[in-house]
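Chemist: My questions all concern the structure below.
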Amino acid sequence: MPGLSIKNVTKNFGTVTAVKDVNLQFNTGEMICFLGPSGCGKTTLLRMIAGLDDPTSGAIRFEDQDLTGVPVHQRNIGMVFQSFALFPHLNVGENISYAMRIRGHSRSECEDRARQLLDMVHLPGLEDRKISQLSGGQRQRVAIARALALNPQVFLLDEPMSALDANLREVMQIELRKLQQELGITTVVVTHDQTEAMTMADQIVVMGKAQVLQTGTPMEIYKTPVDKFVAGFIGTSNLLPAKMSGPDGVHVNGVDLTVGGNTGHFSQGDDVLLMTRPEEVFVHHPSDMNVANSVTGTVTFVRDIGATIEILVDCAGHEVISVLTPKDWPDVKVGDQVHVEMPAAACSVLAV
Amino acid sequence: MQTSALSRYIGLIPSSVMIGAFFVIPFVLILLTSVSTPTDDGGYATSFDLQHFERFLTWFYIERALFSAGLCALIAVLSLLIAYPFTYFLTNFPPRTQTYWLIYILAQLSLSEVLIAFSWQILLSRTAGVANILVWIGVIEKSFAMTPSAGAVVAALVYLTVPFSVLLLFPALSRLDKSLIEASRTLGASPLRTFFTVVVPVTRPAIISGGVTVFVLTLGAIIVPQVLGKPEHWTLSVLITDQAIFNFNMPFASALAVVLLVLSATVIWLVTKFSGKKA
Amino acid sequence: MPTTFSRRRFLGTAAATGAAALAAPSIVSAAQPLKVGTYGGFFEDSFKQFIFPEFTKATGIEVNSVAVPTGETWLVQIKNAARAKTAPADVSLMAGIPRSNGADQKVFKSLDDSKIPNLSNMPDTFKDRYEDGSLYGVGAVSWYITLCTNSDEIPDAPDSWAALWDEQYKDQIGLLGLASNSHMLEVTAATFFGGTDILDTKEGIQQVFDKLSELVPNVRLWYKDEGAFQQALQDGEIPMGQYYHDVAGLAAAEGFPVVSTFPKEGAIVDSGYWIVPEHAKPMDEIHEFINFIAAPETQALLSRNVGTSPVIDPALTDLTAEELAAVSSPKAPIIPRYDIYKDHGNWISDTWSQMIAG
């Protein structure tokens, strides 16, 4: 079912354009991540969905309902703020049942709902705590519970993990994703952390310079980034300057390689970037002859961290990273002239 | 380490001496004077004589003390009622506008109580006052004097204290985390509802301390009640001035001053205790 | 506001300057000018301008003017100076109540009647004597507090203080704010109890208070600031009240609709007397000064330039009937009972405060 849709939305702050002609369409129940560096307009877009900012032009709809111009408090949304924005003058239970109280629900209804939500976010029995007595993780859970109290149509989270430490972040990412799937609620998360987006999202919207650069599932974006910016932002990528030598071939560092991925609108003779992901690139010992689809280079660094081994190879002035499992270990050392195999299926080309 | 600790204390000595010299010693003198006993030659001698406090303990002076407290509490409430919404809106203005307003308000503080009292006297007079405007627009038929009256005292004292209230509330309101307001809005509260359920409760400490400060400031007002009020609106401070300056009864004036001090200390204590528990 | 109207602006700057004068060393010798204390403000300015030069011209004695406060503060300053065996002024004006207190404590030097020939011009009421008959205070200037009305609002000025009790003037009257400067107790006693003798006892004072409290609903303003009342009187905001005769006359002369009436019970006469602090040294010069002020010419000079009423028989002066009427009246005045404020000061002050607060 079509859920959240954003049509031709532009937002100007004075002379600055924060969001430029964004068009997006999602299904109900999906988890969407707005991913991008700071200042790319992702938070502004989220705030416009919430109603905290009004679009300069364009429309925001949810299912068959036009939200544009509807005041914040009349939209059925739940939002978690970067600072969590818990009310310091209320205790945990009162924070969670705030929305219920505003709607005039009875005290016992409020208390029941608060208990239920606290169970849901795994904080049973904390109703009477003061906000100041909570840890960062607990605060986040309370903020989530509070936002969900009225079963909102859309659940919005603005950099929800940024206030947490690294370990807790990973736990909460998984937990939040599970919760979202359980509730089947359309959710939009703003983040600048690609792992977070990859972990949780059904759809990732990569943004840069006030515009949407690419929309797709995490794997689509990982495998086929539209440009080098997206490729660099999502995961690590090896980029080598190349020239199209045929419909599915490139000329790089004096050798011809076959490209398995889509070469799309490029034609022979175009300057392109050959992109590979480190885990799909293999390094072969200098003595290995006849390694197909490979370039040569010099090993500059080897990092063995047990589960994986990372090899940095200098290929004619461009660094290529290969991440291998121990079973593929080619037994090389720094200074070795090695063959770097880039299987055709692992290769794709991007505009320079 | 020893020397650095010592040098730290040395730095504190001038201010401590100043506070001692200008605040503690005069207070001790007032305290001593308030329990001194009159001598035959018309002066007073150091002793422990409670007659001046006994003189206070008549219904007239107690009633005056209660009236003063009540009036000042009313002023504090009215002043905050006016200053708070204004300051709240002010913090939402662009920074440059805020600065201009704050400078303007700060400048208001340079107007003395005397100046304000006499200005209001003119403003509320029959011949030159606002009543003439009412006549002109046809609300009333004949101009009348609005002073001396309780309303005039209240109006001028509120006028006097609003700038203080704004400056006392401004830091708290400008520091208020705007995301709390946004959170409340996303949870279904209208702007007005948010104002009362989030903005006001979160800034309660500033409201309380602002209120207490205005209360204490108003307790010290002597010109406005005298110039704009009838004798029934004169506060304890006016009576202290009368005793000290016109009757030259320093011991009794001191005793009344001690009572005033105890009164404000009690109010401050009660307010902090009461509000501390609830917050 | 013209400076004329601030002449009896009690305390304030006067107190401050008085204190400053106290701080200055006062080693008095014949070579030094005579230090004369007068109320700071209009009084001091007028004395400096009109009287002291005449005195120096007549006697060759230089005068050093000292501004003094009108209230009890001045007495305290004199007492404090006396402990250091000094005097803050050689001769000074002092008002009734502090003078009465000071006399009790014997902080004033006795004067020699024989060195002040002009005393003979003066009625005995202007000569303050210790119980042993020695002279310590001599009248210097006096002035009248009368019943003043705004002629636009009240065309027929009442001729009795009793008008203050008249219900038709509800909320229309201005009176001085303190028992001890309004002298309304004396006025009430003179108007309703046949004279101020009833004030001899506390019970009598209470009776007078009971009568006085009946006029409270008529009082709009209990003023401490003369300027405020004069403004209100001139504008007609407060069309009636007690006020200084001479200042009211000046206002009328400037064209304001203000009328000063000497009521049939008499106007209140208030006065400043010369006193000499006990450690004052140049006694000859002091006597000469007091004598000079008591001279008919000087009193006339004061009446013309300062607006005070003569403290000597007006017939001895060259004042015309018109000039005399501007500052006084032949009707018997109400003389303030300074003694009651000394004997029952706290009680009168409290009862007064309670009364005016309703």
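Chemist: Given the options A:ALA201, A:ALA210, name the one that is assigned by TED's automatic domain parsing to the domain that holds A:GLN173 and more than 20 Å from A:LYS7 (Cβ to Cβ).
Modeler: Exactly one of A:ALA201, A:ALA210 is assigned by TED's automatic domain parsing to the domain that holds A:GLN173 and more than 20 Å from A:LYS7 (Cβ to Cβ), namely A:ALA201.
Chemist: Check B:ILE75 against each of (1) part of a helix (DSSP H, G or I); (2) surrounded by 21 or more Cβ atoms within 10 Å (Cβ to Cβ); (3) modelled with pLDDT under 90 and name the one condition it does not meet.
Modeler: (3)
Chemist: Here is a further query. Go through segment B:179-192 and report how many residues are over 30 Å from the mean Cα position of the chain (by Cα) and either more than 9 Å from every other protein chain (Cβ to nearest Cβ) or of a type outside the set (Gly, Ala, Ser) (or both).
Modeler: Our first condition is that a residue be over 30 Å from the mean Cα position of the chain (by Cα); within segment B:179-192, this holds for B:179-191.
Next, only the ones that are either more than 9 Å from every other protein chain (Cβ to nearest Cβ) or of a type outside the set (Gly, Ala, Ser) (or both) stay: B:180-182, B:185-187, B:191.
The number of residues fulfilling the criteria is 7.
Chemist: Go through segment B:135-170 and report how many residues are away from chain C (no Cβ under 14 Å) and closer than 24 Å to C:LYS170 by Cα.
Modeler: 5
Chemist: Could I ask something else about it? List pairs: first residue in segment C:166-187 and more than 17 Å from B:LEU239 (Cβ to Cβ) and away from chain B (no Cβ under 11 Å), second residue β-branched (Val, Ile, Thr) and part of a helix (DSSP H, G or I) anywhere in the structure, Cβ distance under 6 angstrom, at least six positions apart or on different chains.
Modeler: These pairs meet every condition: C:LEU185/C:VAL208; C:GLU186/C:THR196.
Chemist: Of the residues that make up segment A:175-182, is at least one assigned to a loop (DSSP other than H, G, I, E, B), in contact with a strand residue (DSSP E or B) (Cβ under 8 Å, 6 or more places away or on another chain) and touching a residue at least 24 places away in the same chain (Cβ under 8 Å)? Don't jump to the end; show me each part of the working.
Modeler: Going residue by residue through segment A:175-182, those that are assigned to a loop (DSSP other than H, G, I, E, B) are none.
Scanning segment A:175-182, I find no residue that is assigned to a loop (DSSP other than H, G, I, E, B), in contact with a strand residue (DSSP E or B) (Cβ under 8 Å, 6 or more places away or on another chain) and touching a residue at least 24 places away in the same chain (Cβ under 8 Å), so the answer is no.
Chemist: Among A:THR215, A:THR224, which is the only one that is out of contact with any Pro (no Cβ under 7 Å at 6 or more places or on another chain), surrounded by fewer than 21 Cβ atoms within 10 Å (Cβ to Cβ), under 30 Å from A:THR15 (Cα atoms) and in the same structural domain as A:THR17 (by TED's automatic domain parsing)?
Modeler: A:THR215
Chemist: In the set A:ARG139, A:ARG177, which member is farther than 16 Å from A:PHE87 by Cβ, out of contact with any Ser or Thr (no Cβ under 6 Å at 6 or more places or on another chain) and at pLDDT 90 or above?
Modeler: A:ARG177
Chemist: So, one more: Among B:PHE89, B:PHE118, which is the only one that is buried (at least 16 other Cβ atoms within 10 Å of the Cβ) and in a helix (DSSP H, G or I)?
Modeler: B:PHE118
Chemist: Within segment C:315-358, track down each residue that is within 14 Å of chain B (Cβ to nearest Cβ) and among the β-branched types (Val, Ile, Thr).
Modeler: Once the filter is applied, which keeps residues that are within 14 Å of chain B (Cβ to nearest Cβ) and among the β-branched types (Val, Ile, Thr), segment C:315-358 yields C:ILE340, C:ILE348, C:THR351, C:ILE356.
Chemist: What residue, among those in segment A:24-46 that are without any contact (Cβ under 8 Å) to a residue 40 or more places away in the chain and not in a strand (DSSP E or B), is nearest to A:ILE221 (Cα to Cα)?
Modeler: Looking at the filtered set, the residue picked out is A:GLY39.
Chemist: Among the residues of segment B:216-242, which ones are within 11 Å of chain C (Cβ to nearest Cβ), farther than 22 Å from B:LEU124 by Cα and either touching a residue at least 24 places away in the same chain (Cβ under 8 Å) or surrounded by fewer than 22 Cβ atoms within 10 Å (Cβ to Cβ) (or both)?
Modeler: Within segment B:216-242, B:LEU239, B:THR241 qualify.
Chemist: Restricting to segment C:40-61, and then to whatever is modelled with pLDDT of 85 or more and not in a helix (DSSP H, G or I), can you tell me which residue is nearest to C:GLY272 (Cα to Cα)?
Modeler: Step by step, filter segment C:40-61, then rank; the result is C:ILE61.
Chemist: If you don't mind, another one. Suppose we filter segment A:149-165 for residues that are over 16 Å from the mean Cα position of the chain (by Cα) and more than 14 Å from every other protein chain (Cβ to nearest Cβ); how many remain?
Modeler: Residues that pass the stated criteria total 2.
Chemist: Follow-up. Can you pull out the residues in segment C:240-282 that are touching a helix residue (DSSP H, G or I) at 6+ places or on another chain (Cβ under 7 Å) and within 13 Å of chain B (Cβ to nearest Cβ)?
Modeler: Scanning segment C:240-282 gives C:PHE256, C:GLU278.
Chemist: Considering only segment B:240-260, I want to know if a residue exists there that is of a type outside the set (Val, Ile, Thr) and under 30 Å from A:PRO71 (Cβ atoms). It would help to see each step written out before you state the result.
Modeler: Residues of segment B:240-260 of a type outside the set (Val, Ile, Thr): B:242-244, B:246-257, B:260.
Checking which are under 30 Å from A:PRO71 (Cβ atoms) leaves us with none.
No, the conditions are met nowhere in segment B:240-260.
Chemist: Tell me whether segment C:279-299 contains one or more residues that are under 18 Å from the mean Cα position of the chain (by Cα), crowded, with 19+ Cβ neighbours inside 10 Å and modelled with pLDDT under 90.
Modeler: Scanning segment C:279-299 turns up no residue that is under 18 Å from the mean Cα position of the chain (by Cα), crowded, with 19+ Cβ neighbours inside 10 Å and modelled with pLDDT under 90.
Chemist: For segment C:228-252, name all the residues that are farther than 15 Å from C:LEU147 by Cα and modelled with pLDDT of 85 or more.
Modeler: C:GLN231, C:ASP235, C:GLU237
Chemist: Does B:SER79 satisfy being within 24 Å of B:PHE215 (Cα to Cα), in contact (Cβ under 8 Å) with a residue 24 or more places away in the chain, among the polar types (S, T, N, Q) and more than 14 Å from chain C (Cβ to nearest Cβ)?
Modeler: Taking the combined requirement at face value, the residue satisfies it.
Chemist: Would you mind stating whether B:ILE75 is among the aliphatic types (A, V, I, L, M) and over 24 Å from the mean Cα position of the chain (by Cα)? Break it down into steps so the answer makes sense when it comes.
Modeler: On the way: among the aliphatic types (A, V, I, L, M): yes; over 24 Å from the mean Cα position of the chain (by Cα): no.
No.
Residues checked against (1) part of a helix (DSSP H, G or I); (2) at pLDDT below 90; (3) within 14 Å of B:LEU160 (Cβ to Cβ); (4) not charged (D, E, K, R):
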position	(1), (2), (3), (4)
B:PHE215	yes, no, yes, yes
B:PRO225	yes, no, yes, yes
B:VAL238	yes, no, no, yes
B:THR241	yes, yes, no, yes
B:PRO251	yes, yes, no, yes
B:ALA255	yes, no, no, yes
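Chemist: Go through segment A:233-254 and count every residue that is more than 26 Å from A:PRO37 (Cβ to Cβ), modelled with pLDDT of 85 or more and either among the hydrophobic types (A, V, I, L, M, F, W, C) or assigned to a loop (DSSP other than H, G, I, E, B) (or both).
Modeler: Selection size over segment A:233-254: 4.
The values are calculated or read from the model by the stated rules, or taken from the named source; none is laboratory data. Source: prediction; values computed, not measured. Don't worry about glycine lacking a Cβ; one is built from the backbone with ideal geometry, like all the others, and counts go over all protein chains shown.
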